Amino acid sequence: MFASPDALSAWLKSTAAEFEDRIDELDGLDAAIGDGDHGTNMARGMATAATIVPGPNTTTREYLNQVGMALVSSVGGASGPLYGTFFLRVGQLWQSPHTVSSLWQALKAGRDGIASRGRAKAGDKTMLDALCPAVDVLEHAAMERDEEASTSLARAAAAARAGAEATRDMLARRGRAAHYGERSIGHLDPGAVSMAMILDSASRHL
């Protein structure tokens, strides 16, 4: 599977459009356990990232670095640095054409970057609860070496969606949601939903 900077740009434009369409949904999720602006912030950040046009000599690493920096500067709250770190780390290891193994390594680097910067882990009711299951799927597929990258990425996206849904029953231990204590149980984590959206879009466009 080839994922040149132009292909990545097309993916991010589609992802930005989806975030724009789901602003109210994501803001509503965030209003229950946060500031109520996650959808607005992510839509703005992804729209900014989508305006970046890769030049003829731009590498995928350079392009994703630009995307990461755009998210850091344009997404408010904690999400900007976290998603910015994700794209920066993924870009460092992204390969084109990519394989199951390279996808695993790139997303693993993004996961580790978020975990380090946010001082969070799976089960804390954060975006990692969507990303970690996706990385686990890719790791297993890379070890088995028995399917195409597109199939593995689709399964990883499905795991991310399931992981995001599982945050509904979790107690928040990081971020503003943690201040809600037991009241955070029963609500989806908006960051996990956003991460699942990004991975689902990737599975359909890359």
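Structure data summary
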{"item": "Qualifying residue in the range 110-127 (condition: touching an Asp or Glu at 6+ places or on another chain (Cβ under 8 Å) and hydroxyl-bearing (S, T, Y))", "result": "yes"}
{"item": "Any chance M42 is aliphatic (A, V, I, L, M) and more than 13 Å from the chain's Cα centre (by Cα)", "result": "no"}
{"item": "Total residues in the range 137-146, condition farther than 21 Å from K121 by Cβ, in a helix (DSSP H, G or I) and either open to solvent by 30 Å² or more (accessible area, probe 1.4 Å) or in contact with a strand residue (DSSP E or B) (Cβ under 8 Å, 6 or more places away or on another chain) (or both)", "result": "2"}
{"item": "Condition check for R89: of a type in the set (K, R), over 30 Å from D146 (Cβ atoms) and modelled with pLDDT of 95 or more", "result": "no"}
{"item": "Residue satisfying all of: in the range 28-39; assigned to a helix (DSSP H, G or I) and free of Cβ contacts under 8 Å to residues at least 24 places away in the same chain; nearest to A78 (Cα to Cα) among these", "result": "A31"}
{"item": "All positions within the range 147-206 that are buried (at least 18 other Cβ atoms within 10 Å of the Cβ) and acidic (D, E)", "result": "D189, D200"}
{"item": "Whichever residue in the range 1-35 is farther than 30 Å from V100 by Cα and modelled with pLDDT under 95 and, among such residues, is least open to solvent (accessible area, probe 1.4 Å)", "result": "G34"}
{"item": "First in the range 153-179 and on the phi > 0 side of the Ramachandran plot, second anywhere and β-branched (V, I, T) and open to solvent by less than 90 Å² (accessible area, probe 1.4 Å), Cβ under 8 Å, 6 or more apart", "result": "G175/T126"}
{"item": "Count of the range 40-62 residues which are among the hydroxyl-bearing types (S, T, Y), under 19 Å from E18 (Cα atoms) and part of a helix (DSSP H, G or I)", "result": "2"}
{"item": "Matching residues, the range 63-110, being assigned to a loop (DSSP other than H, G, I, E, B) and open to solvent by 20 Å² or more (accessible area, probe 1.4 Å)", "result": "G76, G77, A78, W94, Q95, S96, P97, T99"}
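The values are calculated or read from the model by the stated rules, or taken from the named source; none is laboratory data. Since the model is a prediction, treat every value here as computed from it, not as a measurement. Counting neighbours? That spans all protein chains shown, and the Cβs are built from the backbone with ideal geometry, glycine included. We work out accessible area using only protein heavy atoms, side chains counted, and drop any ligands, DNA or RNA first. Shrake-Rupley method; radii C 1.70, N 1.55, O 1.52, S 1.80 Å.
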